Amino acid sequence: MATSLDQLKTRLGEIHDLRRANALIGWDQQTYMPVGGSAARAEQSATLQKISHELFTADETGRLIDAAAHETDKLDPDSDDARLISVTRRDYHKSRKVPADLVAEIARVTGQAVDVWTQARAKSDWKPFEPYLQKIVDLNRKLADALGYAEKPYDALLDQFEPDMKTSEVKAVFDSIKPDLIELVRQISAKAGAVNDEVLHREYDEQAQWNFGLDVIKRYGFDFDRGRQDRSVHPFTTSFSIGDVRITTRVDRNFISPALFGTLHECGHALYEQGFNQELERTPLADGASLGMHESQSRMWENLVGRSRPFWQFFFPKLQAAFPTQLADQTLDSFYKAANKVSPSFIRVEADEVTYGLHIMLRFELENEMIEGRLKIADVPEAWNAKMQDFMGITPPTTALGALQDIHWSGGMIGYFPTYQLGNLISLQLWDKINADIPDLTEQITRGEFGALLTWLRTNLHQHGRKFTSVELLQRITGGGLNPAPYLKYLKAKFGEVYGL
Ligand code: ZN
């Protein structure tokens, strides 16, 4: 007779199949689906989500979790099976805590809010979006109350994306680095003329850009037998199994950065997904530890590797060979600096490595104030602009360039933004450890060799999937918790050199 653990795995496998099938139709929707398919596709996706949600939250799932735990109570708590049960139990209890009518209400409000936000942003008019954001904040308060929290309601919201991370810890870390970041931006702004990035905005053949990106990620170790790249308006990574990981990129004929650095970014996400231990396939553990940990991987391959001088020592001659006329007047040094230009700007997704963190910290502060009722929704645009002035010395001329720029709030996601900056911080904590473990990593990168780096990541991080939280992984790998020191040291050294500070 099948054990309860076997029965649980069968059930979780079927739920996993439904979720990954939903990911597949979502990928198709954003890549190849004709517009005529959108209404039916929304129904198909909703049906798959409903069935998988019902299967997962059923009493029978809870019974199997308890019975399987009983059968396996002698197992090593860090074994795959023991972790499968504890992670599933945690997911199960969280999904059962949220009443079905609250889930439905959030889906209904955000479904409308995204359309309202799209139009509000087009007209740069906050007023129509304001009542929707108010509802979304109220619903997120209810969601936090349903999920439960120890200190602050925001803890429950953050925990959806970064399990075990506490608001107070994130706030302490963000507050501690803010003065240094603001000062660094101020010093760089005073020398704004030192770096010119006009070269990035020349005309580059689209197919040649595409080919160059593929060449780089092949060397990174992206496995094309277990993945592929396609075009989409908004780049993303998704996977249907460990053996089928999809990335997308966008290509702009008059701007080389989106395809070049976007491809490296998504490849970082994909290397993580391709690196999960095969034993975890078709279980809830075949996923990233958290959004922050996922972003640490994309940022590492995009920035710490892909915007580094050793990387360009190897790749600049190749890029020059691909675009001989466009890059005829460039040197390795001028191109490296162009790729690392820092400039305070209004739009987060276009921000450089130094200002990016400030964009995130602004959103984190505003979200906390909204959730705690300290900031009226009507006052958000003004509060946004005041912080932009404080942090970067610029004030958005329109709300579209300010508080209306991101889709996240209209989609109901509060607590998501900090994971981007957590990714930056974690990437540097890992990077310090990697460089200690691979002393000649810099030389390897100048030779276009990334095998030792990928092996390190596979061994220490990727293979575990979701067995451990990001907090646990940081502890296992670095021996400590979240630490912003490597991040600040890196930014000051790198951009001090680029700008001659
Ligand atoms: Zn990313």
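Laboratory data are not the source of any read-out in this text; all were calculated from the coordinates shown. Note that the structure is predicted; figures quoted are calculated from it, not measured. Here the Cβ is made from the backbone with ideal geometry for all residues, glycine too, and neighbour counts use every protein chain on show.
Results for (1) within 16 Å of the ligand (Cβ to nearest atom); (2) polar (S, T, N, Q); (3) closer than 30 Å to W117 by Cβ; (4) in contact (Cβ under 8 Å) with a residue 40 or more places away in the chain, shown as yes or no for each residue.
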residue: W409; (1), (2), (3), (4): no, no, yes, yes
residue: Q421; (1), (2), (3), (4): yes, yes, yes, yes
residue: L430; (1), (2), (3), (4): yes, no, no, yes
residue: I438; (1), (2), (3), (4): no, no, no, no
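With the condition kept exactly as written, say whether any residue in region 319-338 is within 16 Å of the ligand (Cβ to nearest atom) and either in contact with a Pro (Cβ under 8 Å, 6 or more places away or on another chain) or not in a helix (DSSP H, G or I) (or both). Within region 319-338, none of the residues are within 16 Å of the ligand (Cβ to nearest atom) and either in contact with a Pro (Cβ under 8 Å, 6 or more places away or on another chain) or not in a helix (DSSP H, G or I) (or both). Counting the residues of region 386-407 that are more than 16 Å from the ligand (Cβ to nearest atom), under 18 Å from Q119 (Cα atoms) and of a type in the set (A, V, I, L, M) gives 4. Taking region 213-310 as the region of interest, the strands (runs of 3 or more DSSP E) fully inside it that hold 1 or more residues being among the hydroxyl-bearing types (S, T, Y) and crowded, with 21+ Cβ neighbours inside 10 Å are 237-241, 244-249. For E372, state whether it is crowded, with 21+ Cβ neighbours inside 10 Å, over 30 Å from Q278 (Cβ atoms), more than 16 Å from the ligand (Cβ to nearest atom) and not β-branched (V, I, T). So E372 does not fit the description; no. Within region 245-269, the set of residues being of a type in the set (S, T, N, Q) and within 14 Å of the ligand (Cβ to nearest atom) comprises T248, T249, T263.
Provide a single number: the residues in region 294-336 that are of a type in the set (F, W, Y) and under 11 Å from I445 (Cα atoms). Qualifying residue count for the region: 4.
Of the numbered criteria (1) part of a helix (DSSP H, G or I); (2) in contact (Cβ under 8 Å) with a residue 40 or more places away in the chain, the one R108 fails is (2).
Within region 379-402, residues that are more than 23 Å from E183 (Cβ to Cβ) reach partners that are of a type in the set (V, I, T) with beta carbons closer than 8 Å, at six or more positions or on different chains, in the pairs P381/T399; L401/I347. The residues on offer are F224, F276, F316, and the sole one that is more than 16 Å from the ligand (Cβ to nearest atom), among the aromatic types (F, W, Y), more than 26 Å from M33 (Cβ to Cβ) and within 23 Å of the chain's Cα centre (by Cα) is F276. Residues in region 27-56 that are crowded, with 16+ Cβ neighbours inside 10 Å and more than 17 Å from A107 (Cα to Cα): W27, Q29, Q30, F56.
Among the residues making up region 238-253, those that are touching an Asp or Glu at 6+ places or on another chain (Cβ under 8 Å) and touching a residue at least 60 places away in the same chain (Cβ under 8 Å) are S239, S241, R246, T248. Residues in region 183-204 that are within 19 Å of Y336 (Cβ to Cβ) and outside any helix (DSSP H, G or I): K191, V195, N196, D197, R202, Y204.
Listed by position, the helices (runs of 4 or more DSSP H) inside region 1-102 whose residues that are within 28 Å of the chain's Cα centre (by Cα) and closer than 24 Å to T469 by Cα number at least 1 are 4-31, 38-57, 80-97. Among the residues making up region 131-151, those that are surrounded by fewer than 17 Cβ atoms within 10 Å (Cβ to Cβ) and part of a helix (DSSP H, G or I) are P131, Q134, D138, K142, D145, A146.
Each row is one residue, and each column tells you yes or no for (1) within 23 Å of F450 (Cβ to Cβ); (2) out of contact with any strand residue (DSSP E or B) (no Cβ under 8 Å at 6 or more places or on another chain); (3) more than 16 Å from the ligand (Cβ to nearest atom).
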| residue | (1), (2), (3) |
| --- | --- |
| L214 | yes, no, yes |
| P235 | yes, no, no |
| G243 | yes, yes, yes |
| P284 | no, yes, yes |
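Consider region 293-302 and keep the residues that are farther than 24 Å from I85 by Cβ and not hydroxyl-bearing (S, T, Y). The one that is nearest to the ligand (Cβ to nearest atom) is E295. Hey, any hits in region 353-368 for a residue that's surrounded by 21 or more Cβ atoms within 10 Å (Cβ to Cβ) and polar (S, T, N, Q)? There is at least one residue in region 353-368 that is surrounded by 21 or more Cβ atoms within 10 Å (Cβ to Cβ) and polar (S, T, N, Q). A residue that is surrounded by 15 or more Cβ atoms within 10 Å (Cβ to Cβ) and among the small types (G, A, S) occurs somewhere in region 101-116.
Give region 394-444 a look and list any residue that's among the aromatic types (F, W, Y) and under 19 Å from P128 (Cα atoms), or say none. Passing the criteria: only W409. Scanning region 311-339 for residues that are in contact (Cβ under 8 Å) with a residue 60 or more places away in the chain and among the aliphatic types (A, V, I, L, M), we see that the one that is surrounded by the most Cβ atoms within 10 Å (Cβ to Cβ) is A339. Being β-branched (V, I, T) and either closer than 30 Å to S52 by Cα or within 16 Å of the ligand (Cβ to nearest atom) (or both) is the requirement here; does T355 meet it? Answer is no for this residue.
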